[in-house]
Amino acid sequence: MKKSLIIFTTILSLLFTSCFQPAFYNISQDVSPEKATIVGVINSLVRYKVDNTEYLVVSANGGIRYKKADINSHSDWNTYSTLPFELHTFDPKTSTHKGQEIIKILADANYLYIVSTSYKTDEDLSLSIPDIVSVYAKKIVPNGEVWSTEGEWTQIASGQDYFTFSVYDDYVYSNFNSFCTNAVKPENRKAYLRCGNAESYSSNKEVKYYALNGTDAPTAITPTSFESTNALSTKTKNINSAVIFNGNEVFFNTIASTTNETSEKDATYFYFGNNLALMYSNGEAPQTAISNCGTPISCLAVCSDAILIGRGDYSDTIEYTTGGITKTSLNEEGIPGTNLLDFTTNADIQLSISYLILTLLNVDPSKSELESTFYASLGFAGSGSSTTASVNYKNIGLWSYYPSRGNWNCE
């Protein structure tokens, strides 16, 4: 039997499945389903400002999809079809790959970035594997209510100088990652590349980091993670996320970090996952809010009165998914509670423990949980889950909560 391809630092096997055709199933839980509009494996959901308008941007069906951030209702996503490459297709009869697949979308204060890969067929491994990874940059300009197609994308990084892979036990692992701060304030948005893997299965474990600078070449940087500075034990030696706090870049080994910044106020605390623990800091020594969230923390979203905690076990040895969503309280000073709380919405039903929570975003963190507009994306690993709740490829995609609707549903 062919083994599924696992791309460890980007998002497990689902990311590079060449013939994956996702759609949503009819939701059988407690609400009637919306018509699904954003489907596929969504590894990033970024804020991006075009002129004076704030947008949310994802890579999903159709390539790049974008929506005005202040639209608090289902759908209304546009497709930006002006890409620097043909989208990936696979011909199973000839085992031929064409085009590229978007892995992630990143954004900073001015530029949008595409991280993509082409594929090739490895006869020895008897599976499709990524070939050449590239990063493209473009400053988007408006054209009325939509984005203008004028201007070209610039390739700013590509190939083995930046992106390599390792093969171990007939699995292929990436030795890189890409991430951005995704701050509420545009001036605090920055994007980065990690090239290399300190825990690589290959003999070369050198790691280099770069800050993205629009269409210019990436700039080499030498960041130190907050965890290592504060002698925290972590699951990885690699830096995988960052926030801007008090005007400074703060880097983390964890993939889950955020702040309580709003459009009107600077951040007074930042929050991050340390395996199972939810931690926080005001720039001083980190404090533990909750020592055990049940499953490793994969993403976080802050509200005025709560922190939503996305979970997911990304270990390369897992055979089934554990994840789901939980939450804790947040007081007026920005200090999280010490206990996990039940939802009054259907969040834990729709974003169940059987799924990895890949992304989680609150459009306006100054609002309370029930007044906020949220987005989250789901995935699963291996053959599914051993929990009582079943998993389904048709659930993979973007989900949303709108105050006017009062529940979580497929987007």
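The values are calculated or read from the model by the stated rules, or taken from the named source; none is laboratory data. The structure presented is a predicted model; accordingly, all values stated were derived computationally and were not measured. Glycine gets a Cβ as well: all are built from the backbone with ideal geometry, and neighbour counts include every protein chain shown.
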Revision key, fill the gap. For region 75-91 the number of residues that are in contact with a strand residue (DSSP E or B) (Cβ under 7 Å, 6 or more places away or on another chain), over 18 Å from GLU150 (Cα atoms) and not polar (S, T, N, Q) is 5
Check your understanding: So which pairs qualify, if the first residue must be in region 94-108 and in a strand (DSSP E or B), the second must be aliphatic (A, V, I, L, M), the Cβ gap must be under 6 Å, and the two must be at least 6 apart or on different chains?
Key -> ILE102/ILE114; ILE103/VAL115; LYS104/VAL115; ILE105/VAL46; ILE105/VAL57; LEU106/ALA191; ALA107/VAL46
Practice item. Look at region 124-158 and say how many of its residues are in a loop (DSSP other than H, G, I, E, B), in contact (Cβ under 8 Å) with a residue 24 or more places away in the chain and not hydroxyl-bearing (Ser, Thr, Tyr). Key: 6
Review point. Of the numbered conditions (1) surrounded by fewer than 18 Cβ atoms within 10 Å (Cβ to Cβ); (2) assigned to a strand (DSSP E or B), ASP266 satisfies every one except a single condition; which is it?
Key: (2)
Check your understanding: How many residues does region 288-322 contain that are assigned to a strand (DSSP E or B) and either touching a residue at least 24 places away in the same chain (Cβ under 8 Å) or in contact with a helix residue (DSSP H, G or I) (Cβ under 9 Å, 6 or more places away or on another chain) (or both)?
Key -> 15
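Residue-by-condition table, conditions (1) buried (at least 19 other Cβ atoms within 10 Å of the Cβ); (2) over 25 Å from ASN177 (Cα atoms); (3) of a type in the set (A, V, I, L, M); (4) at pLDDT 95 or above:
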position	(1), (2), (3), (4)
PRO296	yes, no, no, yes
ARG311	yes, no, no, yes
SER315	no, no, no, no
LEU330	yes, yes, yes, yes
THR338	no, yes, no, yes
ASN346	no, yes, no, yes
LEU361	yes, no, yes, yes
Check your understanding: Since PRO223 meets every condition but one in (1) in a loop (DSSP other than H, G, I, E, B); (2) closer than 17 Å to PHE163 by Cβ, which condition does it not meet?
Key -> (2)
**Study point:** Subset of region 192-245 [without any contact (Cβ under 8 Å) to a residue 40 or more places away in the chain and of a type in the set (D, E, K, R)]
**Key:** GLU199, LYS205, GLU206, LYS208, LYS237
**Study point:** Subset of region 111-123 (residues that are farther than 17 Å from LEU193 by Cα and either surrounded by fewer than 16 Cβ atoms within 10 Å (Cβ to Cβ) or free of Cβ contacts under 8 Å to residues at least 40 places away in the same chain (or both))
**Key:** SER118, LYS120, THR121, ASP122, GLU123
